[in-house]
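For reference, the structure discussed in these notes is given below.
The values are calculated or read from the model by the stated rules, or taken from the named source; none is laboratory data. Worth saying up front: this structure is predicted, and the values here are computed from it rather than measured. Every residue, glycine as well, gets a Cβ built from its backbone with ideal geometry; the counts of neighbours run over all protein chains shown. To get the accessible areas, we keep the full protein, side chains included, count just its heavy atoms, and leave off ligands, DNA and RNA. Shrake-Rupley method; radii C 1.70, N 1.55, O 1.52, S 1.80 Å.
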Amino acid sequence: MIQFLIRHFIKNYQNTSDMKVRASYGKFAGLVGILTNLLLSALKFIAGTLFHSIAVVADAVNNLSDSASSIVTLVGFKLAEKPADEEHPFGHERIEYISGMIVSFVILALGFQLGQESVLKIISPEPAEISFLTVAVLVISILIKLWQCLFYRSMGEAISSEALLANSVDSRNDVISTSAILLGMALTALTGFNLDGYMGLVVAIMVFLTGIHLIRDTSNPLLGVAPSKEMVDEIYHRIMAYPGVLGMHDLTVHNYGAGNIFASVHCEVDARADIMKSHDMIDNIEKDLHSEMGIQLVIHMDPIVTNDERTNQLKERVKDALHLLSPEITMHDFRVVWGTTHSNVLFDICVPFGFSTKDDVLHDQVVKMVEGLDPKYRAVITVDHNYIPSDAPEE
């Protein structure tokens, strides 16, 4: 059924790399979410009010917040379609994350309010009637929410949307919370102990935790997160496949929303090669990655001297010494300015984020290590971090 809806309501649904098609997916998912969640909220609110169940009313409010989430998702995808302008030269795709952040705080507030009401119901319980209508509404809600979970997941995976995948998780949580209410009703009927307030509190806690989870998911892209390992590996292997690229480092990726990714990287080339040919190769790499991966890439070309035997021997000695310090340390941009009284040894070392030794301490250790190889060496070291694959060979 999900594929039927996609085929009939989304034009050119197979071309998910097209930003207009992607926006159509998001807007359609938002519209479906609004309609289904409003329906569930109305049914539960009526049933909960008629039969005095705070748990069912809490679940109705939860569905109402889901409807608000769908509205913001719909508006977010619509606004994200706006082209770049003078004030926003990188486009408006990040509006999708901002809209998700707004929804997250609304959900937090609702969860807190529902928690207060549920605690009051626990302190001063009011008899809740268990009716066939209430049970039927909850069973229908579970079935619809299961379908929603699959619907959002299918749509989110099709266009790689964190917002829609988050909605899928939220729908799954709704299935759990509504099932908990049904279980509470069954236990109340069997034991005679009124669990309505407690079940309402369970729902409130789940709503609150969902809000926290969504805040984390929507704030991370705004703060700037590392690209996925799959993306880094693909960029690395595509660039290294070009004859003439000896190595690469200092890869940086900035995500300005789906389909709007900027990146920069340093590529090492032989210093003896024709500079025009090397430049032509760099241009081709940038063009190919844009057409094949949708990444707007800028490459800094690093010429590497490969035919100086004395430099190469020292480089191997330094590399071995670094390996003794830690196998996690890699090196690039190695060069030597040979002199009479002293020689400057310049290179960058790269360590993973969260490396056990602080950068300044590591810097001093490496300087001491290099100068220990020969008192005439003067080490000029830069410590940096990036996410080039760990199995990437050093230059």
Item to check | Residues within the stretch 124-143 that are modelled with pLDDT of 85 or more and out of contact with any helix residue (DSSP H, G or I) (no Cβ under 6 Å at 6 or more places or on another chain), tallied | outcome: 5
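Yes or no, residue by residue, for (1) in contact with a helix residue (DSSP H, G or I) (Cβ under 7 Å, 6 or more places away or on another chain); (2) under 30 Å from residue 95 (Cβ atoms):
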{"residue": "211", "(1), (2)": "yes, yes"}
{"residue": "220", "(1), (2)": "no, yes"}
{"residue": "247", "(1), (2)": "no, no"}
{"residue": "260", "(1), (2)": "no, yes"}
{"residue": "271", "(1), (2)": "no, no"}
{"residue": "283", "(1), (2)": "no, no"}
Next on the checklist: Looking only at the stretch 229-286, how many residues end up being of a type in the set (Ser, Thr, Tyr) and in contact (Cβ under 8 Å) with a residue 60 or more places away in the chain?
Outcome noted: 3
Checklist entry - Among the residues of the stretch 239-252, is any touching a Lys or Arg at 6+ places or on another chain (Cβ under 9 Å) and under 18 Å from residue 353 (Cβ atoms)? => result no
Next on the checklist: Checking the condition part of a helix (DSSP H, G or I), closer than 30 Å to residue 301 by Cβ and touching a helix residue (DSSP H, G or I) at 6+ places or on another chain (Cβ under 7 Å), which residue from 239, 215 passes?
Outcome noted: 239
Checklist entry - Looking at (1) in contact with a Lys or Arg (Cβ under 7 Å, 6 or more places away or on another chain); (2) small (Gly, Ala, Ser); (3) surrounded by fewer than 17 Cβ atoms within 10 Å (Cβ to Cβ), which is the one condition that is false for residue 141? => result (3)
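Residues checked against (1) open to solvent by 70 Å² or more (accessible area, probe 1.4 Å); (2) within 17 Å of residue 107 (Cβ to Cβ); (3) modelled with pLDDT under 80; (4) not polar (S, T, N, Q):
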| residue | (1), (2), (3), (4) |
| --- | --- |
| 5 | no, no, no, yes |
| 18 | no, no, yes, yes |
| 65 | no, yes, yes, no |
| 70 | no, yes, yes, no |
| 79 | yes, no, yes, yes |
| 82 | yes, no, yes, yes |
Checklist entry - How many residues, within the stretch 333-379, are over 43 Å from the mean Cα position of the chain (by Cα) and assigned to a strand (DSSP E or B)? => result 3
Checklist entry - What residue, of 376, 319, is in contact with a strand residue (DSSP E or B) (Cβ under 9 Å, 6 or more places away or on another chain), open to solvent by 70 Å² or more (accessible area, probe 1.4 Å) and of a type outside the set (Ser, Thr, Tyr)? => result 376
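Matching residues to (1) at pLDDT below 85; (2) within 17 Å of the chain's Cα centre (by Cα); (3) open to solvent by 50 Å² or more (accessible area, probe 1.4 Å):
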site: 253; (1), (2), (3): no, yes, no
site: 256; (1), (2), (3): yes, yes, yes
site: 265; (1), (2), (3): no, no, no
site: 298; (1), (2), (3): no, no, yes
Checklist entry - Would it be correct to say that residue 50 is more than 26 Å from the chain's Cα centre (by Cα), open to solvent by less than 30 Å² (accessible area, probe 1.4 Å) and at pLDDT 80 or above? => result no
Item to check | Flag if residue 282 is exposed (fewer than 13 other Cβ atoms within 10 Å of the Cβ) and over 30 Å from residue 23 (Cβ atoms) | outcome: no
Checklist entry - Taking the stated definitions as given, is residue 327 touching a residue at least 12 places away in the same chain (Cβ under 8 Å) and either closer than 30 Å to residue 230 by Cα or part of a strand (DSSP E or B) (or both)? => result no
Checklist entry - Do we have any residue at all in the stretch 183-194 that's part of a helix (DSSP H, G or I), open to solvent by less than 40 Å² (accessible area, probe 1.4 Å) and of a type in the set (A, V, I, L, M)? => result yes
Next on the checklist: Out of everything in the stretch 227-251 that is within 16 Å of the chain's Cα centre (by Cα) and surrounded by 15 or more Cβ atoms within 10 Å (Cβ to Cβ), what residue ends up being nearest to residue 16 (Cα to Cα)?
Outcome noted: 231
Checklist outcome for this item: Scanning the stretch 1-32 for residues that are farther than 14 Å from residue 154 by Cα and not polar (S, T, N, Q) gives 8, 9, 11, 18, 19, 20, 21, 23, 27, 31
Checklist entry - Only one residue in 104, 41 is at pLDDT below 80 and among the hydroxyl-bearing types (Ser, Thr, Tyr), so which one is that? => result 104
